[in-house]
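The values are calculated or read from the model by the stated rules, or taken from the named source; none is laboratory data. Predicted, not measured: the structure shown is a model, and the values here were computed from it. So basically every Cβ, Gly included, is an ideal-geometry build from the backbone, and we count neighbours across all protein chains shown.
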């Protein structure tokens with residue numbers, strides 16, 4: 001999972017988010033894919049009648065381009081097509097078509113590595129500005145935004161400060177958190193609550209009060225060499241989350257998907273977030289309480305294993 005967050009914190013304290021990236025002037029002139037056309041970002045537009053704008057009616061995926069390879073493409077497409085099917089959203093392209101659109105957009109931008117992509121699909125332009133899906137009659141809207149994007153160094157050196165918030169995520173019968181939908185108001189509210197508490201981002205509980213996820217990423221703790229994460233019942237089951245669990249199991253790192261409370265979390269030796277953009281981002285504090293001693297040996301090992309996994313996927317580094 002990889003959802004954007006607002007920068008800064010309340011009270012004037014300097015802060016950052018899990019999506020802070022190094023400034024890259026090339027992004028001022030990127031080309032964006034809009035329904036088959038690739039145009040300069042200043043010319044990339046969708047209708048105010050689009051169902052994504054009117055209602056948040058759409059699905060999206062965040063992907064990374066490493067050395068010419070869209071890492072974990074199949075896993076991202078499994079999630080994307082499953083979500084679209086679940087809400088009767090016609091994609092209009094098969095997987096090969098999506099891959100071709102991604103590659104065309106990357107080529108138009110001269111991009112080969114250190115690229116973050118947001119692939120967005122909505123139900124399309126509506127005949128009238130109302131809710132019913134039948135009012136979307138002209139077919140889906142597909143937009144692809146790619147940026148030259150590397151996580152800011154401070155994310156690893158300083159870590160993220162979290163605050164537990166009252167906003168809960170999320171009951172399947174209201175809006176299942178497994179949908180990577182355009183509608184993210186609950187996460188935005190959580191982020192605002194965290195910033196008002198003086199933190200960088202939000203730690204969200206599940207409907208039963210157990211630790212669940214953040215407003216933007218999946219959440220892990222380390223206790224006595226064991227890695228814990230939520231059951232996954234009430235959160236986005238992120239691709240990076242799944243890869244971390246697989247890597248732990250393959251490398252004799254005890255890992256558990258389980259219920260745990262803030263009591264367990266505050267006394268953890270380490271904590272980290274997972275997401276497509278930042279991979280693994282350490283957590284410095286939760287509700288003002290420092291997490292561990294800052295050494296983070298398990299997080300460092302997992303991060304190294306993840307980098308090796310990416311390298312195996314991409315092969316020799318491209319030049320240019």
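Limited to the stretch 70-91, what total is found for residues that are more than 25 Å from residue 278 (Cα to Cα) and touching a strand residue (DSSP E or B) at 6+ places or on another chain (Cβ under 7 Å)? Before the answer, list the steps.
Keep residues of the stretch 70-91 that are more than 25 Å from residue 278 (Cα to Cα), which gives 84-91.
From what's left, touching a strand residue (DSSP E or B) at 6+ places or on another chain (Cβ under 7 Å): 84, 89, 91.
Summing the residues that are more than 25 Å from residue 278 (Cα to Cα) and touching a strand residue (DSSP E or B) at 6+ places or on another chain (Cβ under 7 Å) in the stretch 70-91 gives 3.
So that you can scan it fast, the table gives a plain yes or no per residue for (1) assigned to a helix (DSSP H, G or I); (2) crowded, with 22+ Cβ neighbours inside 10 Å; (3) over 19 Å from the mean Cα position of the chain (by Cα); (4) not assigned by TED's automatic domain parsing to the domain that holds residue 57:
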{"position": "144", "(1), (2), (3), (4)": "no, yes, no, no"}
{"position": "161", "(1), (2), (3), (4)": "no, yes, no, yes"}
{"position": "168", "(1), (2), (3), (4)": "no, no, no, yes"}
{"position": "173", "(1), (2), (3), (4)": "yes, no, yes, yes"}
inquiry  = Could you tell me how many of the residues in the stretch 136-151 are in contact (Cβ under 8 Å) with a residue 40 or more places away in the chain, within 21 Å of residue 91 (Cβ to Cβ) and touching a strand residue (DSSP E or B) at 6+ places or on another chain (Cβ under 8 Å)?
reply    = 8
request  = For the stretch 56-67, name all the residues that are over 21 Å from residue 278 (Cβ atoms) and surrounded by fewer than 19 Cβ atoms within 10 Å (Cβ to Cβ).
outcome  = 56
query = Which one is modelled with the lowest pLDDT, of the residues in the stretch 23-39 that are surrounded by fewer than 17 Cβ atoms within 10 Å (Cβ to Cβ) and either assigned by TED's automatic domain parsing to the domain that holds residue 236 or closer than 30 Å to residue 153 by Cβ (or both)?
reply = 23
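Quick one: is residue 121 outside any loop (DSSP other than H, G, I, E, B), over 23 Å from residue 48 (Cβ atoms) and touching a strand residue (DSSP E or B) at 6+ places or on another chain (Cβ under 6 Å)?
Details: outside any loop (DSSP other than H, G, I, E, B): yes; over 23 Å from residue 48 (Cβ atoms): no; touching a strand residue (DSSP E or B) at 6+ places or on another chain (Cβ under 6 Å): yes.
So residue 121 does not fit the description; no.
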remark   = Note: among 128, 137, 123, just one is assigned by TED's automatic domain parsing to the domain that holds residue 38, touching a helix residue (DSSP H, G or I) at 6+ places or on another chain (Cβ under 6 Å) and exposed (fewer than 13 other Cβ atoms within 10 Å of the Cβ), namely 128
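What strands (runs of 3 or more DSSP E), lying completely within the stretch 214-263, carry at least 3 residues that are more than 18 Å from residue 178 (Cβ to Cβ) and over 16 Å from the mean Cα position of the chain (by Cα)? Working first, answer last.
Details: elements: 218-223, 226-229, 255-257.
Qualifying strands (runs of 3 or more DSSP E): 218-223, 226-229.
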message = Residues that are surrounded by fewer than 14 Cβ atoms within 10 Å (Cβ to Cβ), in contact (Cβ under 8 Å) with a residue 12 or more places away in the chain, assigned to a helix (DSSP H, G or I) and over 21 Å from the mean Cα position of the chain (by Cα): does the stretch 43-54 have at least one?
response = no
Which numbered condition residue 151 misses (of (1) within 30 Å of residue 292 (Cα to Cα); (2) in contact with a helix residue (DSSP H, G or I) (Cβ under 7 Å, 6 or more places away or on another chain)) = (2)
